[in-house]
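**Q** Sharing a structure below in structure tokens format, with a few things to ask.
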Amino acid sequence: MVPVQTSKGPLNVLKVLQKAGHFSNFIRLIKTTQEDIQFASQLNASDDGITVFAPTDGAFSAIIKAGVLNSLSDQEKIQLVQFHVIPRQISTPQFQTVSNPLKTLAGSGKRFQLNVTTSDSMVNVTSGLTNATVSGIVYADDKVAIYQVDKVLLPMEIFAPKALAPAPAPPKSLKGEGADGPAVPKDASGAALGCVVGWKNVVMVGAATVAAVALAFL
């Protein structure tokens with residue numbers, strides 16, 4: 001664990017990581033996104049502290065070689081850094097009893113959640129896409145805990161494909177319906193009335209014919 005001299009104001013997370021070594025890629029990403037300012041703001045605004053999962057340079061090597069990091073937008077880089085920070089201090093004994101999922105600075109949605117599992121002396125942190133192991137304690141006090149992890153935690157919100165909405169059904173052809181279906185009168189109520197009137201005329205004509213035949217036999 002890195003020894004740090006106590007000083008007024010919030011702990012400088014960048015200086016702790018720089019003193020520890022082998023975190024140059026994570027430090028560069030924090031500086032680029034200016035999230036060190038966010039860390040200080042979080043520590044000033046709340047007594048809950050912060051927990052940082054710091055990926056080593058070896059952890060970053062895989063995604064750097066694949067060009068993943070360079071393909072991210074500025075906002076996605078900010079979210080990636082924030083995804084490694086919990087807005088409260090979690091000590092090592094608390095990993096045994098902490099409630100999952102953990103809320104990160106990146107957001108509280110399901111695609112920005114972390115889960116912690118423990119077995120014997122091992123602590124694993126999973127994002128749904130990556131399963132990282134806590135391989136060391138970089139720094140710990142009553143407000144800040146910095147843990148070394150062996151993989152970059154990839155949030156599902158950025159790296160998992162989002163479900164596509166179903167394609168809308170093609171519009172029905174009015175021309176086709178007119179050709180195949182029966183002719184429909186424009187005014188259905190008028191057609192019904194015409195049918196009733198027609199039947200009345202037939203009945204009246206029939207009645208007159210019967211009457212004429214009856215007179216002929218008288």
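**Q** Looking only at residues that are open to solvent by less than 10 Å² (accessible area, probe 1.4 Å) and assigned to a strand (DSSP E or B) in the range 142-154, which one is farthest from Ile63 (Cα to Cα)?
**A** So, considering only residues that are open to solvent by less than 10 Å² (accessible area, probe 1.4 Å) and assigned to a strand (DSSP E or B), the one farthest from Ile63 (Cα to Cα) is Val144.
**Q** Right, another one. Provide a single number: the residues in the range 3-26 that are of a type outside the set (Gly, Ala, Ser) and open to solvent by 20 Å² or more (accessible area, probe 1.4 Å).
**A** 13
**Q** Being basic (Lys, Arg) and open to solvent by less than 70 Å² (accessible area, probe 1.4 Å) is the filter here, so list the residues in the range 67-110 that pass it.
**A** Lys77, the sole residue that qualifies.
**Q** Between Leu193, Leu164, which is surrounded by 11 or more Cβ atoms within 10 Å (Cβ to Cβ), at pLDDT below 80 and not in a strand (DSSP E or B)?
**A** Leu193
**Q** Which members of the range 92-114 meet the condition of being touching a strand residue (DSSP E or B) at 6+ places or on another chain (Cβ under 8 Å) and in a strand (DSSP E or B)?
**A** Leu102, Lys103, Thr104, Gln113, Leu114 - these are the residues of the range 92-114 that are touching a strand residue (DSSP E or B) at 6+ places or on another chain (Cβ under 8 Å) and in a strand (DSSP E or B).
**Q** Need the failing condition index for Leu114 against (1) in contact with a helix residue (DSSP H, G or I) (Cβ under 7 Å, 6 or more places away or on another chain); (2) farther than 20 Å from Gln34 by Cα, just the number.
**A** All conditions are met except number (1).
**Q** On to the next question. Restricting to the range 115-141, give me the number of residues that are of a type in the set (Ser, Thr, Tyr) and either open to solvent by less than 20 Å² (accessible area, probe 1.4 Å) or not in a strand (DSSP E or B) (or both).
**A** Qualifying residue count for the region: 3.
**Q** In the range 36-60, how many residues are within 21 Å of Gln75 (Cα to Cα) and modelled with pLDDT under 95?
**A** Total satisfying the criteria: 7.
**Q** Modelled with pLDDT of 95 or more and over 21 Å from Ile137 (Cα atoms): is that true of Lys31 in this structure?
**A** Numbers: modelled with pLDDT of 95 or more: yes; over 21 Å from Ile137 (Cα atoms): yes.
Criteria met by Lys31.
**Q** Any residue in the range 14-41 that is touching a residue at least 12 places away in the same chain (Cβ under 8 Å) sitting within a Cβ distance under 9 Å of a residue that is open to solvent by 90 Å² or more (accessible area, probe 1.4 Å)? List the pairs, counting only those 6 or more apart or interchain.
**A** Leu14/Lys31; Lys19/Pro3; Ala20/Met1; Ser24/Gln18; Ile27/Gln18; Thr32/Asp74; Thr33/Asp74
**Q** If you scan the range 51-85, which residues turn out to be hydrophobic (A, V, I, L, M, F, W, C), in a loop (DSSP other than H, G, I, E, B) and under 22 Å from the mean Cα position of the chain (by Cα)?
**A** Val68, Leu69, Leu72, Phe83
The values are calculated or read from the model by the stated rules, or taken from the named source; none is laboratory data. Because the structure is a prediction, the values reported are computed rather than measured. Glycine also receives a Cβ, built like all others from the backbone with ideal geometry; neighbour counts cover every protein chain displayed. We work out accessible area using only protein heavy atoms, side chains counted, and drop any ligands, DNA or RNA first. Shrake-Rupley method; radii C 1.70, N 1.55, O 1.52, S 1.80 Å.
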